[in-house]
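Asks: If you scroll down you'll find the structure; I have some questions about it.
The values are calculated or read from the model by the stated rules, or taken from the named source; none is laboratory data. Since the structure is predicted, the reported quantities are computational estimates derived from the model, not experimental observations. Here Cβ is always computed from backbone atoms with ideal geometry, including for glycine, and neighbour counts include all displayed protein chains. Quick note on the areas: whole protein, heavy atoms, side chains included, nothing else; ligands and nucleic acids left out. Shrake-Rupley method; radii C 1.70, N 1.55, O 1.52, S 1.80 Å.
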Amino acid sequence: MEEFLSSCRHAAQANTDQPGPQFHVVLGNESCDVDSMVSALAFAYFLSKTELSDVLALPLLNIHQSDLLLRSDNLFLLRQTGLSPDLLLFRDQLDLRALQRAGRLRLTLVDHNVLASADSDLEGAVVEVIDHHLLEREPSPSCPVTVETVGSCATLVTERIVQKAPQILDQQLAQLLYAAVVLDCVNMAPAAGKVTPKDSQYAAALETRFPALPPRGALFQALQNAKFDVSGLNTEQMLLKDMKAVSGSLNLAVSVLYITLEEFLQRAQLEAELSGFCQKFGYDLLLMMTISFTESKEPIRELAVFSHSSTCREQVSQYLEQARNPALNLCPISSPHPHVTAYQQGNVLASRKKVLPIVKDFLKEQEGDGRLGDVEEEEESGVPPTPMNSLVEGCPLDEGLPHISAQDLVEKVSKMADRGGN
């Protein structure tokens, strides 16, 4: 795999807007979560072993290189399988449009089946799709589509490799695929409602052929722990890691932080950094929701509101305090910063998914006419979208892994699957 990825980087450095060999780019989705990354790497490697030698197959991660730091579980898996992140190709390192203009681009989409609106001009280059989300693509005889509602796109990639080129599988490739399947299928637990017979079939096939693969439970827990590891991130990166923005009368960002609020508020020069963040990205107010766990795995949620405008900060804070659908049960706590209002959040089940509608209602009331069209959630924020199974979207870990009920898990994961996000 290392030799393959090195050759991809070397090929990408050549002049892409001049005549030359065809590039068959395997493009994952914009979240670039573990499943998307692994599916792109594995399928491009498969193509490199099975396509004509005059076609250069290469995987492309659909984020900027600098944003990989926000995907701590991806980085963990790369380290675990001995792959350097420096070998990977990112969206800001390959000019797809130049390749298309030169007539040298073929695209295969993995872990999504329609291009983002900003990439719609690349549609003519799409030659194949492999995905596990709701089908949104119009049928076309020129573009084979494999879309099945399995738990992981990596399952479908594994199936293709096993059926067409099983000889290319080695311990490293198997571990990448296995990790993606185990993570997306919530440790293969039937109660989670994500795993399908095909996921189980190919996970078991990998286990049988490669008995040295890490145990499922340990691998799943290690990946989950890595996902919430924010050590080494600066304040801007922590805010961007899991952030959504809404706009109306004001531009607001809602970030989730995986540390205690006390620890976050003690960061050096924090208020200046928050101010710089809002100025850089054009936000009037920043809402920060923290989640951490006690030693007994009980969740702790806290909330902070930052704005240099005392009026704006007080209005939003009061609205959140008085919210009833759901009630957040906020209890004010001291803050060392004059422009930050801090709270303990008594309702630990109120994830960002439940707080965002409250924020949108506030913005609608500020508009004064109640028009729904005045409040929109940003689609193109310039940073990677939050992965589907993030805590902030109400993932199965919301209440701590040891105390999760099967009913809650099924409901939460099924709703996320219905949305087709990843």
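Asks: Ignoring ligands, DNA and RNA, what accessible area per residue does segment 1-226 give at 1.4 Å, in Å²?
Replies: 39
Asks: While we're looking at this one, here's another question. Would you list Phe76, Phe362, Phe293 from the most to the least accessible area, probe 1.4 Å?
Replies: I get Phe293, Phe76, Phe362, largest accessible area first.
Asks: Same structure again: Rounding to the nearest 10 and keeping the result within 0 to 90°, find how far the Cα-based axis of helix 197-209 lies from the longest principal axis of the chain.
Replies: Approximately 60 degrees, to the nearest ten.
Asks: Okay, next question. Enter the accessible area per residue of segment 232-367 (Å², integer; probe 1.4 Å; all protein chains in place).
Replies: 43
Asks: Could I ask something else about it? At most 14 other C-beta atoms within 10 Å and a DSSP loop state: those are the exposed trypsin sites (Lys or Arg not before Pro) I care about. Give me the longest piece of the chain that has none.
Replies: Value returned for the longest uninterrupted segment is 1-266.
Asks: Quick one: with all protein chains in place, what share of the accessible area of the chain is carbon or sulfur, to the nearest percent (1.4 Å probe)?
Replies: 50
Asks: Scan segment 220-299 for GluC sites (Glu not before Pro) in coil per DSSP, keeping those whose Cβ has at most 12 other Cβ atoms within 10 Å, and list them by number.
Replies: When the GluC sites (Glu not before Pro) of segment 220-299 are filtered for loop state and at most 12 Cβ neighbours within 10 Å, Glu295 remain.
Asks: Can you tell which of Pro59, His24, Gln221 lies farthest toward the positive end of the dipole of segment 1-226, using +1 and -1 charges on the Cβ of basic and acidic side chains (Lys, Arg; Asp, Glu)?
Replies: So the residue furthest toward the plus end is Gln221.
Asks: Which distance in nm do the two modelled labels at Gln65 and Gln322 give, with both placed 7 Å along the Cα-to-Cβ direction?
Replies: In this crude label model, Gln65 to Gln322 measures out at 5.1 nm.
Asks: How far, in nm, would the chain grow between Glu123 and Ser142 when pulled straight, counting 0.36 nm per residue and subtracting the alpha carbon separation?
Replies: 5.7 nm
Asks: So, with +1 on the Cβ of K and R and -1 on the Cβ of D and E, and no other charges, what is the size of the charge dipole of the chain about its Cα centre, to the nearest 20 debye?
Replies: Dipole about the Cα centre, nearest 20: 660 debye.
Asks: Please list, ordered by chain and number, the residues whose modelled amide H lies under 5 Å from the amide H of Ala57; skip anything fewer than 5 residues away on the same chain.
Replies: Here the answer is His24, since their amide H atoms fall under 5 Å of that of Ala57.
Asks: Hey, if you put +1 on the Cβ of every Lys and Arg and -1 on every Asp and Glu Cβ in segment 232-367, which of Pro336, Leu287, Met243 ends up farthest toward the positive end of that dipole?
Replies: Projecting each Cα onto the dipole axis, the largest value belongs to Met243.
Asks: Could you work out the helix-only [θ] at 222 nm for the chain, with each DSSP H run of four or more residues adding -39,500 (n - 2.57) and the total divided by the number of residues, to the nearest 500 deg cm²/dmol?
Replies: On the way: 14 runs with 161 residues, N = 422.
My calculation for the chain gives -11500 deg cm²/dmol from helical runs alone.
Asks: Further question: Roughly speaking, what is the stretch gain from Thr208 to Ile168, that is 0.36 nm per residue apart minus the C-alpha to C-alpha distance, in nm to one decimal?
Replies: My answer for the length gained is 12.8 nm.
Asks: Taking 0.36 nm per intervening residue step and subtracting the Cα-Cα distance, what contour gain separates Glu314 from Cys331 on full extension? Spell out each step's value before the answer.
Replies: Values: separation 17, 0.36 × 17 = 6.12 nm, distance 1.48 nm.
Full extension from Glu314 to Cys331 adds 4.6 nm.
Asks: When only C-alpha pairs under 8 Å and at least 6 residues apart count, what is the relative contact order of the chain, in percent?
Replies: RCO, the chain: 14 percent.
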